[in-house]
Amino acid sequence: MDLFYPIQMFVNWLVYSIFNLQQGSILGGAINFFVYDSIKIFILLAVIIFGVSYIRTYLAPERVKKLLSKRFEILGNMTASTIGIFTPFCSCSAVPLFIGFVESGVPLGVTFSYLIAAPLINEVAAALLWGLFGWKIALLYIASGWIISVIAGFILGKMHLEKYVEDYVYKIKVKNNMKLDKKTQKQRAKDAYQEVKSIIKKVFPYVLIGIAIGAFIHGYAPENLLTNIAGKGNWFAVPIAVLIGVPLYSNAAGVIPIVSSLIEKGLPLGTALAFMMAVVALSLPEMIILRKVLKPRLLAIYIAIVTLGIIFTGYLFNWIL
Amino acid sequence: MKIKILGSGCPNCKVLEANTKKALVELKIKADVEKVTDIAKIMEYGVMSTPALVIDEKIVSSGRVLSSDEIKKLLR
């Protein structure tokens with residue numbers, strides 16, 4: 001049974017009986033779509049952010065550092081990517097995080113797995129995908145993001161690029177006077193609740209605008225709008241979608257609802273998924289900050305590997321789905 | 001009392017600084033508020049997620065933007 005059926009019932013009643021809109025009309029359909037999607041997505045956002053933030057209270061960077069410094073090769077990449085699923089990536093923390101990892105002996109490739117997974121697999125995107133495409137697609141997104149970060153980190157590790165890390169990074173001495181405070185279950189729940197509040201406050205205008213544009217496209221755009229220009233037959237669609245997605249970071253929350261309605265108009269799912277991953281994984285402000293610790297060559301290799309991984313995923317899903 | 005705000009100058013650090021100053025004014029406490037943006041100095045504290053708040057050389061919070069009410073509790 002559809003978990004959200006009661007919400008649909010309520011929205012139908014609200015739109016058709018209270019707002020008195022014609023059932024089957026374009027306007028009624030678009031408004032119904034808007035209200036239903038908004039309610040559903042905010043419920044999912046609240047639940048998922050709470051869950052992820054709760055788990056995150058166990059994953060302070062200082063503890064992650066210790067966990068990862070003992071692991072090497074592919075197992076380290078896997079652990080790092082898994083932890084990356086639950087941690088957000090604030091670009092302002094990238095530099096201290098990177099230095100802290102490298103300094104405590106976390107291998108460079110493992111550090112990169114974490115740096116890729118943290119922004120690529122993001123709980124807001126997962127909640128939106130679940131709400132708009134169903135849990136299978138959300139899971140697919142998480143799984144492919146995980147695989148990209150494991151493989152990209154592994155390759156970067158094998159390339160022995162340590163000399164392309166800015167030299168001062170190795171000179172910094174980190175004092176270990178950071179004490180991890182023990183938290184009670186109640187405190188963890190309280191922290192998670194605070195996260196839910198602050199993230200929803202931050203993303204809700206983007207989500208609403210995104211859903212509104214999506215509802216408009218859903219109601220008014222012609223059925224096969226994108227089939228010809230961006231359909232599976234066009235091999236350039238995936239890389240172009242990725243290139244458009246890279247500079248769009250701050251609007252990830254707004255982009256996904258729009259993309260979801262473009263899928264109805266003929267945009268293949270793999271292309272759409274690649275686009276969304278490019279939006280969340282690579283962003284200009286993050287690159288500028290990472291430049292402080294990475295020499296241009298390493299930064300370029302990092303961007304290239306992640307971009308190629310995302311493009312590959314796009315083709316793969318276009319092919320299997 | 002000496003208060004330091006560790007952070008590389010991102011928007012979150014500025015919010016934390018503003019909240020700290022607000023808390024100080026409301027509690028009528030006089031303190032030096034210093035912003036530490038040099039990454040080497042930040043790392044000396046062992047902090048890996050910014051912004052972080054340091055009161056009298058003790059790290060009281062990291063990776064979170066505290067509200068002025070939360071800061072007030074720490075200052076008392």
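None of the figures in this text is laboratory data; all of them are computed from the coordinates on show. Just so we're clear, the structure is a prediction, and the values are computed from it rather than from any experiment. Note that each Cβ is placed from the backbone with ideal geometry, even for glycine, and that neighbours are counted across all protein chains shown.
Legend: ranking of residues A:T307, A:T82 from fewest to most surrounding C-beta atoms inside 10 Å; resulting order A:T82, A:T307. Helix check for chain A. Which DSSP H runs span at least 20 Å along their own axis by Cα, with a mean Kyte-Doolittle hydropathy no less than -0.5? Those that pass (Cα extent of 20 Å or more, hydropathy at least -0.5) are A:26-56, A:73-86, A:135-158, A:185-220, A:296-320.
Amide H contacts for A:V165 (H built 1.01 Å from N in the peptide plane; partners 5 or more residues away or on another chain; cut-off under 5 Å): A:K295.
Pairs of alpha carbons in the stretch A:53-142 separated by more than 22 Å make up 27% of all such pairs.
With a Förster radius of 45 Å, plug the Cβ-Cβ distance of A:N224 and B:L74 into 1/(1 + (r/R0)^6) and report the FRET value to the nearest 0.05. With R0 = 45 Å, the Cβ-Cβ based efficiency is 0.15. Need one number: % antiparallel among DSSP beta bridges in the stretch B:2-75, to the nearest 5. That works out to approximately 60 percent antiparallel. With the convex hull drawn around the C-alpha atoms of the protein assembly as shown, the volume per residue stands at 152 Å³. Here's the list of aspartates and glutamates a cross-link from A:K232 could span, going by alpha-carbon distance under 20 Å and ignoring same-chain residues fewer than 8 apart: A:E223, A:E264.
Remark on chain B: ratio of C-alpha radius of gyration to 2.2 N^0.38 Å is 0.98. Here the gap between A:L308 and A:I209, fully extended at 0.36 nm per residue and compared with their Cα-Cα distance, gives a gain of 32.6 nm. Just to be sure I understand the model, the point goes 7 Å from the Cα along the line to the Cβ. What's the resulting A:K202 to A:T82 distance in nm? Roughly 2.6 nm, to one decimal. Across the stretch A:51-200, the volume of the C-alpha convex hull divided among the residues equals 118 Å³ per residue.
When only the Cβ of Lys, Arg, Asp and Glu is charged (+1, +1, -1, -1), the dipole of the protein assembly as shown relative to its Cα centre reaches about 1380 debye. Legend: mean number of C-beta atoms from other chains within 10 angstrom of residue C-beta atoms, peptide A:54-61, equals 1. Picking from A:I147, A:L108, A:L129, whose Cα lies most toward the positive end of the charge dipole for the protein assembly as shown (charges on Cβ: Lys, Arg +1; Asp, Glu -1)? Ranked along the dipole, the leading option is A:L108.
Taking other Cβ atoms within 10 Å as a rough exposure proxy, B:D38, A:D37, B:D32 sort from fewest to most as B:D32, B:D38, A:D37. Listed by chain and number, the lysines placed with their C-alpha closer than 25 angstrom to that of A:K158 are A:K65, A:K66, A:K70, A:K171, A:K292, A:K295; residues fewer than eight positions away on the same chain are left out. Assuming charge only on the beta carbon of Lys and Arg (+1) and of Asp and Glu (-1), the dipole of chain B about its Cα centre is about 260 debye to the nearest 20.
For the peptide B:46-55, the mean number of other protein chain Cβ atoms found within 10 angstrom of a residue's Cβ is 6.
When each of A:Y114, A:Y54, A:Y5 is scored by the number of other beta-carbon atoms lying within 10 Å, the sequence from fewest to most is A:Y5, A:Y54, A:Y114. Counts of other chain beta carbons within 10 angstrom of each beta carbon in peptide B:34-43 average 3.
Under the simplified labelling scheme, the B:K30-A:K182 pair shows an inter-label distance of 4.1 nm, with each label point 7 Å from Cα along Cα→Cβ.
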